[in-house]
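Student: Here it is, the structure in full.
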Amino acid sequence: MKVVKITAVILVLAIIAAALSYEKIISNVLIPQYIDWAYETDKKGMEIGEPLNQRELSLASEIGILHPEKIRVVYVEQVPYPYENYPLKVLGEAMGFIGEGIINNAQVFGYSIYVRHGYELDRPRLAHELVHVLQIERANLDSVITQHLSDLAKYGYNKAPLEVEAFEANKTYSADW
């Protein structure tokens with residue numbers, strides 16, 4: 001009976017330790033894996049994506065992007081996510097990035113903007129994505145990913161500061177071309 005109690009106490013302590021260290025696991029293990037994957041995704045997008053046209057370049061410059069000529073738009077059936085990495089898949093599902101009924105229409109990885117086929121990247125929507133490019137230019141991809149994941153967990157998508165800034169661009173550039 002004593003062995004069962006000791007085992008139960010050890011198990012409870014292990015569960016408590018795991019629960020308290022989940023943030024460390026996410027920040028020290030999962031986020032660096034996601035960042036590495038995001039850099040690879042950006043690199044691939046830079047190779048296969050389409051440059052902005054003159055009208056889009058003007059919008060990017062107006063938003064404040066220093067190097068709009070670097071931006072590439074990649075049209076895909078599904079915006080990429082590292083589904084093959086099981087822990088990142090679970091994190092993505094928990095954060096609401098992926099899962100049943102969730103459709104990601106566009107996402108920025110550095111200077112690459114991945115857009116789902118069928119999603120019209122009109123002026124306000126492009127402005128939104130360009131603000132994310134600007135945010136990465138102001139800091140770097142590592143910092144933006146780390147901040148964004150933390151903010152999403154804390155505030156949710158609609159109130160995350162980086163999204164709030166991008167939503168303002170939707171309003172500011174709401175007029176059609």
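The values are calculated or read from the model by the stated rules, or taken from the named source; none is laboratory data. None of the values given here were measured: they were computed from a predicted structure. When we count neighbours, we look across all protein chains shown, and the Cβ atoms used for this are built from the backbone with ideal geometry, even at glycine. Ligands, DNA and RNA are excluded from the accessible area calculation, which covers all protein heavy atoms including side chains. Shrake-Rupley method; radii C 1.70, N 1.55, O 1.52, S 1.80 Å.
Student: Within region 150-170, which residues are open to solvent by 40 Å² or more (accessible area, probe 1.4 Å) and more than 13 Å from Glu129 (Cα to Cα)?
Tutor: Once the filter is applied, which keeps residues that are open to solvent by 40 Å² or more (accessible area, probe 1.4 Å) and more than 13 Å from Glu129 (Cα to Cα), region 150-170 yields Ser150, Ala153, Lys154, Tyr155, Tyr157, Asn158, Lys159, Pro161.
Student: Applying the selection to region 77-115, what residues are in a loop (DSSP other than H, G, I, E, B) and of a type in the set (A, V, I, L, M)?
Tutor: Matches in region 77-115: Val79, Ile98, Ile102, Ile103.
Student: Does Val74 fit the bill of being more than 13 Å from the chain's Cα centre (by Cα), part of a strand (DSSP E or B) and either modelled with pLDDT of 95 or more or loosely packed, with under 15 Cβ neighbours inside 10 Å (or both)?
Tutor: Yes: the conditions hold for Val74.
Student: Among the residues of region 119-149 satisfying the criterion of being of a type in the set (Asp, Glu) and part of a loop (DSSP other than H, G, I, E, B), which is surrounded by the most Cβ atoms within 10 Å (Cβ to Cβ)?
Tutor: Asp122
Student: Report the residue count in region 44-61 for those that are open to solvent by 70 Å² or more (accessible area, probe 1.4 Å) and either under 9 Å from Leu130 (Cβ atoms) or at pLDDT below 95 (or both).
Tutor: So the answer is 0.
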